[in-house]
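Some notes on the structure that comes next.
The values are calculated or read from the model by the stated rules, or taken from the named source; none is laboratory data. The shown structure was predicted, so the numbers you read here are calculated from the model rather than taken from an experiment. Don't worry about glycine lacking a Cβ; one is built from the backbone with ideal geometry, like all the others, and counts go over all protein chains shown.
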Amino acid sequence: MGVGVRAPLASTAPGAAIRSALQNERTILLISILKPLFLFSLRVLNFGTEAVGPPSAASAYPHFCFSEFLSAIAAKSPTRSKSRYGSYTMCTLIPTAVQCRKAGLFLLTFGLLMAAIAGPCFARGKYFAGGLGGIATLSADHGADVSGNSSALTAYGTENGPAFMLFFGRHFTDHISGQVTYGWNRNTITPDLVTFNNSAKSSYSEERDTRQQSVMADFMLYFRKRSSFARPYLSVGTGWTRLESRRVRIISVTGSPALLPQEFSSSAPALRVAVGIDIFARKNWAFRYSFAETIRSNAISQRLTPPGPHDLANFQNLFGFTWQF
């Protein structure tokens, strides 16, 4: 007696075709919305090329040179190349802190929009939460003012301190996720001041306890699927930070220098970029490592006289666990 093979239901093929068509339409809609947004943002950020040689040399290269832009940032100087047209400079505009914040805000908006539109096209998302702890390092700064018979030098040094972070987020797809975080860190800083006015000298040195709190929203890009054992990622986010500083003790003082306030605080928006990896120990539990840099206005340098010119960077090495549910 022969063995019969059950034929597939007639409704299966039309249903699959309809789902495939809907997914293609959503993908086309995603591209049509994000492409003009991306091109417009490049003009807003005002990155481009500038030719030193003949005009024809500039037209041979695209307006936005992303690889040369990254090289210029790493080298802290314009990148130069040579061709048969002569010497030309690529991406001579090194981004300022304001431009970096604009770029971070654009990337965050771009990522969240892409996740919101592309999310329905993929498998249902999964939530995750966890906590991290580790070490935070603040960037130091210095300032100088020399005029006539007077001069003043200011600087502050920093020490490593504890940090922790709590986060909650969602995996929209296998590669796109978003999270909201609360972070805290504490560091000791030592501001110093030396002034010379004719033959008079004033100086002081003090120790201060400085704490930062932050609430951030991050866009995360994973490089491997959710079913993988190890999932490295990049993230960029923006949010709000609050810095509080108080004097612990005065180390030394000479003359009559202008001291920092006993206590001060400052709130400001910030940009954060991070790299990390999730390594799964069990089905829904994973070990997470993250290295993050958060940049905001420098409320410490702003209160020194003369003030320092650099923004405040907060570097964090964090270890912890994440739970998916």
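Out of Phe325, Phe287, Phe321, one residue alone is aromatic (Phe, Trp, Tyr), farther than 19 Å from Asn160 by Cα and more than 22 Å from the chain's Cα centre (by Cα). It is Phe325. As a summary of the residue check, Ser256 satisfies the conditions (1) in a strand (DSSP E or B); (2) more than 21 Å from the chain's Cα centre (by Cα) except for the one numbered (1). Filter the stretch 239-282 down to the residues that are under 20 Å from Met216 (Cα atoms) and either in contact with a helix residue (DSSP H, G or I) (Cβ under 9 Å, 6 or more places away or on another chain) or of a type in the set (Gly, Ala, Ser) (or both) and list them by number. Gly239, Ser265, Ser266, Ser267, Ala268, Pro269, Ala270, Leu271, Arg272, Val273, Ala274, Gly276, listed by residue number. Being in the same structural domain as Val180 (by TED's automatic domain parsing), modelled with pLDDT of 95 or more, in contact with a Leu (Cβ under 8 Å, 6 or more places away or on another chain) and not hydroxyl-bearing (Ser, Thr, Tyr) is not true of Ala299.
In the stretch 246-254, the condition of being out of contact with any Asp or Glu (no Cβ under 9 Å at 6 or more places or on another chain) and touching a residue at least 24 places away in the same chain (Cβ under 8 Å) is met by at least one residue. Of all residues in the stretch 211-266, those being among the small types (Gly, Ala, Ser), farther than 18 Å from Leu193 by Cβ and either outside the structural domain of Pro306 (by TED's automatic domain parsing) or surrounded by 14 or more Cβ atoms within 10 Å (Cβ to Cβ) (or both) number 7.
When every residue of the stretch 177-188 is checked against the conditions, at least one turns out to be over 30 Å from Gln324 (Cα atoms) and in the same structural domain as Thr305 (by TED's automatic domain parsing). Taken together, Asn314, Asn298 contain a single residue that is part of a strand (DSSP E or B), out of contact with any Lys or Arg (no Cβ under 7 Å at 6 or more places or on another chain) and surrounded by 15 or more Cβ atoms within 10 Å (Cβ to Cβ), which is Asn314.
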